[in-house]
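What follows is a single structure, written as structure tokens, with notes after it.
The values are calculated or read from the model by the stated rules, or taken from the named source; none is laboratory data. Nothing here was measured: the structure is a model prediction, and the numbers come from that model. Note: ideal-geometry Cβ built from the backbone for every residue, glycine included; neighbour counts use all protein chains shown. Keep in mind that these areas ignore ligands, DNA and RNA; they rest on the heavy atoms of the full protein, side chains included. Shrake-Rupley method; radii C 1.70, N 1.55, O 1.52, S 1.80 Å.
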Amino acid sequence: MPSNVIVGLQWGDEGKGKITDLLAKNSDYVIRYQGGNNSGHSIHINNRYFILHLIPSGVVYPFIKCIIGPGVVIDPKSLIQEIKDIESIGINTSKVFLSKRAHITMPYHRLLDQYKEEYLGDRSIGTTHRGIGPTYEDKIARIGIRVLDFLNLKIFYKKLKENIDYKNKIITKVYKRPSISFQSIYEEYIEYAKTLSPRIIDSVYEIHNAFHKGKKILFEGAQAMLLDINYGTYPYVTTSSTSTGGVCTGSGIPPNLLKNFIGVAKSYCTRVGSGPFPTEIRNNMSDIIRRRGNEYGSTTNRPRRCGWLDLLSLKYSCMINGITHLIITKMDVLSELEFIKVCVEYKINGKRIQYFPASIELFEEKVEAIYIDFPGWKKDISHIYEYEYLPKNCKKYVNFIESYLNLEILLISVGSERNQNIIKNKSSFFKIFS
Ligand code: GDP
Ligand code: IMO
Ligand code: MG
């Protein structure tokens, strides 16, 4: 059974959680393949609102197996808390599993994330301080501790000891901060190991066997394309492959088993943390959008920077991700505006360009967004469920996005609740999700 992938196309927080939750209904598995608890995926069902950080957004359906895959970095303390929190609202987590190959975020990763950001000063990335970057650094440096090390406490002891000896040198000599204690961390983490061990699996075989039995698998992306370590606005990015390429490396699935690549984009743009944002709005319109869209980070509660839809970067994202279908979220947020701007090109040194620059220096000094203006529709659309009832100006906006990107929009989300959607293309939609 070919599988579907859901990825964010901007700087995160496009509403991937809502969309995964909505589309997971007909899946047997939902799999996270990168990132860690830097993510915050909000789900809103029948006035119940909660945020998932590591657990895949299929967890609300008791029949779905949710796997935190090999490419993810797992903070066990945060995961155990998340499991408790969602169980406390009546959600069964017995089908949540962790890959043996995933890497573990330790307390020293969180400290080093914070110290590095402080050291960088005005060049800081604005990370979530969850220790994600330092965990991936250790993975690449081949000194990381993996989930499977939780299954053999002798090995865990040895690896943790070696790591803490090494990290203490960095903490005390480079950052001039107090050293950390091996014993207290070891004692705390062996308890986490015991708690999580029944959920540890070899996800590679589990997923491949599922494919061969014809099971339906949905891959849920975290962060988003413009935060991708290779193709985002480097160095202002996260530390994983957030694009669809990351599905294969982060879950052990070959590309030929993937079929539909569904890209999620907001009807405008937001970004949390530092870094280039060509369409950022620097007047009170930004506050209006932030208020209407409740644009505050789901993980850190920081106000999100707000800006107009950037079609040039969206085209770049669709190209790299091989997007086959598009979902536009938060269309309702634009409803009251007199006019809406859409970026279609950039200008550098007086010259118009149609490509997404690789150079951070160009972005920081020279890139100017070129816009087309659209009239607003000034009508609440949050309770419209059929495309034909959308206001004319809203349809014009939607059609422009489709024609610029040369892609079909499957669904338009008009509110945070699971049912606040307009399925624009019913035949494609039901072909993919039934
Ligand atoms: P994710 O990280 O991509 O899953 O997105 P977040 O959950 O961090 O942020 C998206 C926010 O927008 C959440 O608060 C959602 O409940 C909310 N949301 C999602 N879709 C819509 C929509 O169509 N309209 C409105 N108004 N809110 C939405
Ligand atoms: P979801 O999955 C938005 C941003 C941080 C920072 C940069 C690097 O909810 O879309 P990190 O802690 O990853 O080293 O921080 O990436 N960032 C996100 N922004 N949504 C996210 O996840 C994010 N995860 C990381 O703000 O700019
Ligand atoms: Mg989020």
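Some points to look at:
- Tensor-based shape of region 104-196 (alpha-carbon gyration tensor, a/c under 1.5 rounded, otherwise prolate or oblate): prolate
- Accessible area (Å², 1.4 Å probe, nearest 10) - Tyr385: 100 Å²
- Extension gain (nm, one decimal) between Asn406 and Phe339, 0.36 nm per residue minus Cα-Cα: 21.8 nm
- Using a Gaussian network model of the chain in which every pair of alpha carbons under 10 angstrom is joined by a spring, one finds that among Gly245, Gly90, Gly263 the greatest mean-square fluctuation is at Gly90.
- Net charge contributed by nearby residues that have their C-beta within less than 13 Å of Asn163 (K/R +1, D/E -1): +3
- Here's the picture: charge each Lys and Arg Cβ at +1 and each Asp and Glu Cβ at -1 in the chain, and of Thr195, Tyr404, Phe339 the one pushed furthest to the positive end of that dipole is Thr195.
- Paramagnetic label reach from Ile180 (point 7 Å along Cα→Cβ; backbone nitrogen cut-off under 15 Å): within region 132-151, residues 132-139, 143-146.
- Restricting attention to region 104-196, lysine pairs at least eight places apart or on different chains and with alpha-carbon atoms under 21 angstrom apart total 24.
- For region 351-424 versus region 83-100, the gap between their alpha-carbon centres in whole angstrom: 35 Å
- When shorter helices are ignored and each DSSP H run of at least 4 residues is given -39500 (n - 2.57), the per-residue value for the chain at 222 nm works out to -10000 deg cm²/dmol.
- Share of carbon and sulfur in the accessible heavy-atom surface of region 104-196 [1.4 Å probe, %]: 55 percent
- Each part gets one Cα centre, and for region 167-221 versus region 17-75 those centres are 17 Å apart.
- Of His383, His212, His103, the one that fluctuates the most in a GNM where the chain has Cα springs shorter than 10 Å: His212
- Under 14 Å from Lys426, Cα to Cα: aspartates and glutamates that are on another chain or at least 8 residues apart: Glu386, Glu388, Glu408
- Protein-only accessible surface order, largest first, of Phe339, Phe261 at 1.4 Å: Phe339, Phe261
- Were the residues from Asn230 through Met1 laid out at 0.36 nm apart, the gain over their Cα-Cα distance would be 79.5 nm.
- Taking a ≥ b ≥ c as the square roots of the Cα gyration tensor eigenvalues, region 228-271 comes out oblate, since a/c reaches at least 1.5 and a/b does not exceed b/c.
- Among Leu153, Leu411, Leu311, the largest mean-square fluctuation in a Gaussian network model of the chain (Cα springs under 10 Å) belongs to Leu153.
- An oblate overall shape is assigned to region 144-233, the ratio a/c of its alpha-carbon gyration tensor axes (a ≥ b ≥ c) being 1.5 or greater and a/b not exceeding b/c.
- Only protein heavy atoms count here; under a 1.4 Å probe, Lys173 has an accessible surface of about 140 Å².
- Heavy-atom SASA rank of Arg199, Arg352, Arg110 (probe 1.4 Å, accessible area, largest first): Arg352, Arg110, Arg199
- Estimated at the nearest 10 Å², the accessible area of Ser241 is 40 Å² with a 1.4 Å probe.
- Solvent-accessible surface ranking, highest first, for Met1, Met225 at 1.4 angstrom: Met1, Met225
- Accessible surface of region 264-310 [probe 1.4 Å, protein heavy atoms]: carbon and sulfur percent: 41 percent
- 17 Å Cα-Cα reach of Lys396 towards lysines, excluding residues that sit fewer than 8 places from it in its own chain: Lys266, Lys330, Lys341, Lys378, Lys379, Lys424
- Interchain or long-range residues, amide H under 5 Å from Leu98's placed H: Ile68, Ile200, Ile201
- Diffusion of the chain by Stokes-Einstein, at 25 °C in a medium of 0.890 mPa s and with Rh set to the Kirkwood radius over alpha-carbon pairs, works out to 110 µm²/s.
- Principal-axis tilt of helix 107-120 within the chain, Cα atoms, nearest 10 degrees: 60 degrees
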